[in-house]
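Here the structure comes first, spelled out in structure tokens, and everything after it is commentary.
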Amino acid sequence: MVKKMSEYRADFPILNQTVNDEPLVYLDNAATAQKPRAVVQAITNYYYHDNANVHRGVHTLAERATQEFEAVRDKVAKFINAPSREEIVYTKGTTEGLNWVAASYGSTHVKAGDEIVISYLEHHSNLVPWQQLAKKTGAILKYIDLLPDGELDLTSARRQITDKTAIVSLTQASNVLGVVNPIKKIAALAHQHGAIMVVDGAQSTPHFKVDVQAMDADFYAFSGHKLMAPTGIGVLWGKSELLADMPPLEFGGEMIDWVQLQKTTFKAAPWKFEGGTQNIAGVIGLGAAIDYLSAIGMDRVQKHEQQLVNYLLPALLEIPGVTVYGPHDPAKHSGVISFNLAGLHPHDVATALDMEGVAVRAGHHCAQPLMEWLKVAATARASLYLYNNLADAQKLVEAIKATKEFFNHGTI
Amino acid sequence: MALSKLENLYRQMILDHAMHPHHYGFLKAASHKLELRNPTCGDVLNVQVILKNNKVAQVAFSGSGCTISQASASMMTDEVLGKTPQQIEKMVTTFSKMVTGNPPQNYEEILGDASVLEGVAKFPARIKCATLAWKAIYQALANDQQESTVGFMRHDQ
Ligand SMILES: Cc1ncc(COP(=O)(O)O)c(C=O)c1O
């Protein structure tokens, strides 16, 4: 029996509480997602029954732990349609994955005068590693411009990506503007010019079906915690031939093949990147989160969130004094909605909404160049996930109206 | 209604200061100045001071921020006029204690009108907004090189 979308909410104990005497409405999912019982139980089970170090022991627990740890690689491969389980590298999150590509692939393939192309949309973790790489190698960091509604400007992309471009790195879905980038088109452009395509999947993997082969990416990074797995676990996927000649970044236990006094040979990918004892419980939790999402079906997750956006976006736009950033057409806007209230700083808005039990983020969302592009210091941001419902969206709209009212009755 | 709790934070005097900040602008001949950034929200605050006979003769601030940070900056400028750096240092530590919920007994005496910001203690996420201007004047006075330096609030401050 397939459960109705409305039934999944009950799987999240944390949602069943009051905050400031109001029922909690959690709308900060772009920062991190809540965890269903299934994920917490998988981790508890692992610690209660199977805990052992992986790849290092002949005893039964070690064998069980290793099997579970490695089985998740298959789950991840299937989840993002990677051609091989050996292309799945465990990381601590998107940030680490992108840093590894920059530090390992980047420092061995990028030279002075080469170009690295990103966009104004990027999260700092898909910006600063490239800035550092450019600084170290003498490469040039270039930005693809955005259209007035925040969508990627393809004309600018064609202008910025040239024969000198070595790496193009873009987010698949924006953590601020709710736009989804046409990765496939940009990847084709990058490949025409001999560049590789790196994709930040932090905000897309949790919300819709990802297919790394169909988008023709070369590297793809995402975080477990945004798709209901624990913090501290993530994945870097890379094409086998690229991973094969990338040097490892951390040396020590696990990642070695044979160590002699003066030289060492390393394991093959992905293991050569996984130095030291890994976040085994995190991997188990990631597997459980992927099972949970797969049982629902990513298409249903996406459809559900889209229905909420179809209500929420026009409802916000209707409130006088509300500015929504990014496309105003719900069909072009994913479940991340950034907004401001005229005359009010988003911090004041977020505090007021918190008093109504509504959790939103306020700030620059780790995207300061984008804030500059938007010509704002900061925004408030509401972001949805599969357990949010129409009542949550309605409560946000009511709470924003009440916030306006409150500050209007003051002198502001 | 839950928003009524907001009145503990956004007192009328705070809203007035945020709306019509005192000493907003720049000083031509500042003897001490500093730009302080709050990396968590991206707010930037400039504080400039003219010290005469070891007392604050003039003070100004500029920058954009939330109601709390703007009001706090405005009140800070009112309160530090005529004070010595030593007195100001005491005010800054008193302010910091007040907004973290441990005000010394005579905090109202030391902080004057700025003690109206004590409600911030119940809103931990907003403590940094309130302390930004106070940290800025403290660091500005400690910086007697006369040139503008950029300071950062650390996460643990
Ligand atoms: C678009 C985007 N990229 C990268 C990240 C970084 O993810 P993490 O902090 O899990 O490494 C985030 C999360 O905040 C994000 O939203």
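Here is how the numbers come out for the structure above:
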| quantity | calculated |
| --- | --- |
| Leading residue by the ranking (nearest to residue A:284 (Cα to Cα)) among those in region A:207-241 that are outside any strand (DSSP E or B) and among the hydroxyl-bearing types (Ser, Thr, Tyr) | A:231 |
| Odd one out for residue A:326, checked against (1) within 20 Å of the chain's Cα centre (by Cα); (2) part of a helix (DSSP H, G or I); (3) under 25 Å from residue B:40 (Cβ atoms) | (2) |
| Selected residue (only one of A:367, A:359, A:352 is within 14 Å of another protein chain (Cβ to nearest Cβ) and open to solvent by 20 Å² or more (accessible area, probe 1.4 Å)) | A:359 |
| Only one of A:89, A:72, A:76 that is assigned to a helix (DSSP H, G or I), within 16 Å of the ligand (Cβ to nearest atom), surrounded by 21 or more Cβ atoms within 10 Å (Cβ to Cβ) and in the same structural domain as residue A:152 (by TED's automatic domain parsing) | A:76 |
| Failed criterion for residue B:98 (all others in (1) surrounded by fewer than 20 Cβ atoms within 10 Å (Cβ to Cβ); (2) in a helix (DSSP H, G or I) hold) | (1) |
| Subset of region A:231-248 (residues that are within 16 Å of the ligand (Cβ to nearest atom) and surrounded by fewer than 22 Cβ atoms within 10 Å (Cβ to Cβ)) | A:231, A:232 |
| The lone exception for residue A:320 - which of (1) assigned to a loop (DSSP other than H, G, I, E, B); (2) under 25 Å from residue A:182 (Cα atoms); (3) away from every other protein chain (no Cβ under 12 Å); (4) not acidic (Asp, Glu) it fails | (2) |
| Residue under evaluation residue A:408, criteria (1) more than 10 Å from chain B (Cβ to nearest Cβ); (2) in contact (Cβ under 8 Å) with a residue 12 or more places away in the chain, criterion not met | (2) |
| Every pair of residues 6+ apart whose Cβ atoms lie under 6 Å, when the first sits in region A:129-154 and is at positive phi while the second is of a type in the set (Val, Ile, Thr) | A:150/A:179 |
| Failed criterion for residue B:19 (all others in (1) in contact with a helix residue (DSSP H, G or I) (Cβ under 7 Å, 6 or more places away or on another chain); (2) open to solvent by 60 Å² or more (accessible area, probe 1.4 Å) hold) | (1) |
| Any hit, region A:142-161, residues being within 16 Å of the ligand (Cβ to nearest atom), within 20 Å of the chain's Cα centre (by Cα) and within 14 Å of chain B (Cβ to nearest Cβ) | no |
| Selected residue [assigned by TED's automatic domain parsing to the domain that holds residue A:289, within 16 Å of the ligand (Cβ to nearest atom) and not in a helix (DSSP H, G or I)] from A:125, A:204 | A:204 |
| Region B:1-43: number of residues that are in a strand (DSSP E or B), more than 8 Å from every other protein chain (Cβ to nearest Cβ) and within 15 Å of the chain's Cα centre (by Cα) | 7 |
| Failed criterion for residue A:247 (all others in (1) touching a residue at least 60 places away in the same chain (Cβ under 8 Å); (2) not in a loop (DSSP other than H, G, I, E, B) hold) | (2) |
| Residue among A:83, A:23 that alone is more than 25 Å from residue A:294 (Cβ to Cβ), open to solvent by 30 Å² or more (accessible area, probe 1.4 Å), modelled with pLDDT of 95 or more and not aromatic (Phe, Trp, Tyr) | A:23 |
| Single match in A:319, A:400 (criterion: modelled with pLDDT of 95 or more, surrounded by 21 or more Cβ atoms within 10 Å (Cβ to Cβ) and either touching a Lys or Arg at 6+ places or on another chain (Cβ under 8 Å) or of a type outside the set (Asp, Glu) (or both)) | A:400 |
| Count of region A:207-222 residues which are touching a Leu at 6+ places or on another chain (Cβ under 7 Å) and either within 12 Å of the ligand (Cβ to nearest atom) or within 14 Å of chain B (Cβ to nearest Cβ) (or both) | 1 |
| Test result for residue A:347, within 11 Å of chain B (Cβ to nearest Cβ), in a loop (DSSP other than H, G, I, E, B) and surrounded by 23 or more Cβ atoms within 10 Å (Cβ to Cβ) | no |
| Candidates A:345, A:365 - the one that is touching a residue at least 12 places away in the same chain (Cβ under 8 Å), under 19 Å from residue B:39 (Cα atoms) and in contact with a Cys (Cβ under 7 Å, 6 or more places away or on another chain) | A:345 |
| The one condition in (1) surrounded by fewer than 16 Cβ atoms within 10 Å (Cβ to Cβ); (2) assigned to a helix (DSSP H, G or I) that residue B:105 fails to fulfil | (2) |
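The values are calculated or read from the model by the stated rules, or taken from the named source; none is laboratory data. Worth saying up front: this structure is predicted, and the values here are computed from it rather than measured. Cβ sites come from the backbone with ideal geometry, for glycine too, and all protein chains shown count toward neighbours. Please note that ligands, DNA and RNA were not included when accessible areas were found on the heavy atoms of the full protein model with its side chains. Shrake-Rupley method; radii C 1.70, N 1.55, O 1.52, S 1.80 Å.
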